[in-house]
1. Report the residue count in segment 127-158 for those that are touching a helix residue (DSSP H, G or I) at 6+ places or on another chain (Cβ under 7 Å) and free of Cβ contacts under 8 Å to residues at least 40 places away in the same chain.
2. Can you name the number of the only condition in (1) buried (at least 16 other Cβ atoms within 10 Å of the Cβ); (2) among the small types (G, A, S); (3) outside any strand (DSSP E or B) that S137 fails?
3. State the number of residues belonging to segment 64-95 that are touching a helix residue (DSSP H, G or I) at 6+ places or on another chain (Cβ under 9 Å), of a type in the set (A, V, I, L, M, F, W, C) and farther than 21 Å from G22 by Cβ.
4. Quick one: what pairs do we get from segment 34-57, first residue under 24 Å from S93 (Cα atoms), second among the acidic types (D, E), C-beta under 8 Å, 6+ apart or different chains?
5. Can we say G149 is farther than 21 Å from I30 by Cβ, open to solvent by 10 Å² or more (accessible area, probe 1.4 Å) and either in contact with a Lys or Arg (Cβ under 6 Å, 6 or more places away or on another chain) or not polar (S, T, N, Q) (or both)?
6. Based on this model, can you work out whether C51 counts as crowded, with 22+ Cβ neighbours inside 10 Å and farther than 22 Å from C126 by Cβ?
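The values are calculated or read from the model by the stated rules, or taken from the named source; none is laboratory data. Note that the coordinates shown come from a computational prediction; the quantities given were computed from them, not determined experimentally. Glycine gets a Cβ as well: all are built from the backbone with ideal geometry, and neighbour counts include every protein chain shown. In case anyone asks, the SASA skips ligands and DNA or RNA and just uses the protein heavy atoms, side chains included. Shrake-Rupley method; radii C 1.70, N 1.55, O 1.52, S 1.80 Å.
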Amino acid sequence: MLVKNLTGQSEYYTSNVWHVCGIYHSLSDIVTLIDVGRDPTIIGPLETTKCGLGKRPVEQVILTHSHFDHAGLLPRIRERFHPKVYAHPRSRSDGIIPLSDRQEIQIGEQTCMAVHTPGHSDDSICILCEEEHLLFSGDAPMRIYSNDGEFPSQFLDAYELFVSAGVKTIYPGHGEQVTQNVPHLMEESLRNIRRSRIV
């Protein structure tokens, strides 16, 4: 899959908006936005984005959670591109298609998995793409530096899944993508989560 951050230079307070195309621009690919942010200046570049002959610039949206910096632009994106919109069933965004824990969903040319990661919010999900060992993490914490926190048991289960999947690249909700020493980072974090209080 081809992944591009549409808000890397944004002047707004916004989440990252990850635009995903299939690598070969096939008709069967599903062009996806992971989060929509709140920066309206992404609409112009989206309108000129090409992901293959006959493909719309946005065919589906997946919200990692419903906080305004991740979902604020959704009405404009819907009005302009008419995508399907997926989110966790507890999402506060209207008109979503529920995406259950461990449910598979196609993104670009890959079959990926939605993983419920409660903690930051009740409706937080990450998107795990095992074939390419990458993770769209939203605002779920990936770097756990100490063992003095509290974590829901379901977050521990999710994090164990990410480690066992051998994630090598993390596309977070804010900041740059993480590619250096990701397996080591996640193994250390998992040890700290296990030593923390699980609620």
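1. Final tally of qualifying residues: 2.
2. Checking S137 against (1) buried (at least 16 other Cβ atoms within 10 Å of the Cβ); (2) among the small types (G, A, S); (3) outside any strand (DSSP E or B), the one that fails is (3).
3. 2
4. If the second residue must be among the acidic types (D, E), the pairs left are G37/D69; R38/D69; D39/E11; P57/E47.
5. Details: farther than 21 Å from I30 by Cβ: yes; open to solvent by 10 Å² or more (accessible area, probe 1.4 Å): yes; either in contact with a Lys or Arg (Cβ under 6 Å, 6 or more places away or on another chain) or not polar (S, T, N, Q) (or both): yes.
Yes; evaluated as a whole, the condition is true for this residue.
6. yes
Matching residues to (1) surrounded by 17 or more Cβ atoms within 10 Å (Cβ to Cβ); (2) of a type in the set (V, I, T); (3) on the phi > 0 side of the Ramachandran plot:
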| position | (1), (2), (3) |
| --- | --- |
| E11 | no, no, no |
| T14 | yes, yes, no |
| H19 | yes, no, no |
| L27 | no, no, no |
| R38 | yes, no, no |
| I43 | yes, yes, no |
| D69 | yes, no, no |
| I77 | yes, yes, no |
| R90 | no, no, no |
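Yes or no, residue by residue, for (1) among the hydrophobic types (A, V, I, L, M, F, W, C); (2) open to solvent by less than 70 Å² (accessible area, probe 1.4 Å); (3) free of Cβ contacts under 8 Å to residues at least 60 places away in the same chain; (4) under 24 Å from Y13 (Cα atoms):
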| site | (1), (2), (3), (4) |
| --- | --- |
| L161 | yes, yes, yes, no |
| I170 | yes, yes, yes, yes |
| G175 | no, yes, no, yes |
| N181 | no, no, yes, no |
| L185 | yes, yes, yes, no |
| L190 | yes, yes, yes, no |
| I193 | yes, yes, yes, no |
| S196 | no, yes, yes, no |
| V199 | yes, no, yes, no |
